[in-house]
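Single-structure report; data block below.
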Amino acid sequence: MEKNNLFYLCSLIEYIARYTSNTKKEIITKMSKELITHIYNLADIYHCENIEKIANEIIEKCHIEKGNYILKLQDGKPTYFDMGKVYQRIITMDNKADKMASVMEVLSSWLIEKMDNYSSSLYYENPNYIYECYKSGKIL
C-alpha cells in the first residue's frame, strides 16, 4: 500500500506542476505537510477519481497560480505517471521514518530539476543510480 500511495501522491504533484506550469518545488512549497499526508493517506480513494478533478481541488485550496516554468514535452516523453513512479522509487529508497518529509525533500531537490531535462536520460537510469546521485548531491 505504501508504494502505491507514494506513486499516486508523486504522480498528482507532477500533474499539478505540469498543469500549472510550476516546478515541483513550487507546488510542494504551496502545499502543507498536513495536506500531503492527507493525500497520501487517502490515495487509495483519490485514485478512483479523475486526477484533473483532484488536482483542481488542490490548486484552488492551495491558491496555486499559473507559473512560467516550461516543461517541453514531446511524443515519447514520460507521462506524469512515469515520473511519479521514478519519484516513488527514490523516496522509498530514502528510508526515512518520516515519509512525508522525504516526499517534500526529494521533490524540492536539485535532482528533480535535472530530471525535468528530458534531453538527458537521467529519468531512464537505474533507480539505484538516481538515488545515489540524489544522496551525493551531484550527477555521478
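Worth a mention:
- Looking only at region 74-128, and only at residues there that are touching a helix residue (DSSP H, G or I) at 6+ places or on another chain (Cβ under 7 Å) and of a type in the set (Val, Ile, Thr), the one that is farthest from Asn5 (Cα to Cα): Ile112
- Among the residues making up region 24-69, those that are surrounded by 12 or more Cβ atoms within 10 Å (Cβ to Cβ) and of a type in the set (Val, Ile, Thr) are Ile27, Ile28, Thr29, Ile36, Thr37, Ile39, Ile51, Ile54, Ile58, Ile59, Ile64.
- Boolean, Lys85 is in contact with a Ser or Thr (Cβ under 7 Å, 6 or more places away or on another chain), part of a helix (DSSP H, G or I), closer than 25 Å to Glu132 by Cα and open to solvent by 40 Å² or more (accessible area, probe 1.4 Å): no
- Lys135 vs. criteria in a helix (DSSP H, G or I), touching a residue at least 60 places away in the same chain (Cβ under 8 Å) and open to solvent by 30 Å² or more (accessible area, probe 1.4 Å): no
- Residue pairs whose Cβ atoms lie under 7 Å apart, separated by 6 or more positions or on different chains, with the first residue in region 39-62 and under 13 Å from Ile16 (Cβ atoms) and the second part of a helix (DSSP H, G or I) and open to solvent by 70 Å² or more (accessible area, probe 1.4 Å), are Ala55/Tyr19; Cys62/Lys30.
- Residues in region 108-127 that are assigned to a loop (DSSP other than H, G, I, E, B) and surrounded by 14 or more Cβ atoms within 10 Å (Cβ to Cβ) were compared, and the one that is nearest to the chain's Cα centre (by Cα) is Ser108.
- Restricting region 88-107 to residues that are surrounded by fewer than 17 Cβ atoms within 10 Å (Cβ to Cβ) and over 15 Å from Lys135 (Cβ atoms), the residue that is nearest to the chain's Cα centre (by Cα): Ala101
- Within region 89-132, being among the aromatic types (Phe, Trp, Tyr) and touching a residue at least 24 places away in the same chain (Cβ under 8 Å) holds for Trp110, Tyr118, Tyr123, Tyr131.
- Qualifying residue in region 43-54 (condition: closer than 23 Å to Ser136 by Cα, modelled with pLDDT under 95 and touching a helix residue (DSSP H, G or I) at 6+ places or on another chain (Cβ under 7 Å)): no
The values are calculated or read from the model by the stated rules, or taken from the named source; none is laboratory data. Here the structure is a predicted model, which means the values were calculated and not measured. Don't worry about glycine lacking a Cβ; one is built from the backbone with ideal geometry, like all the others, and counts go over all protein chains shown. Accessible surface is based on the protein model in full, side chains and every heavy atom, while ligands, DNA and RNA are left aside. Shrake-Rupley method; radii C 1.70, N 1.55, O 1.52, S 1.80 Å.
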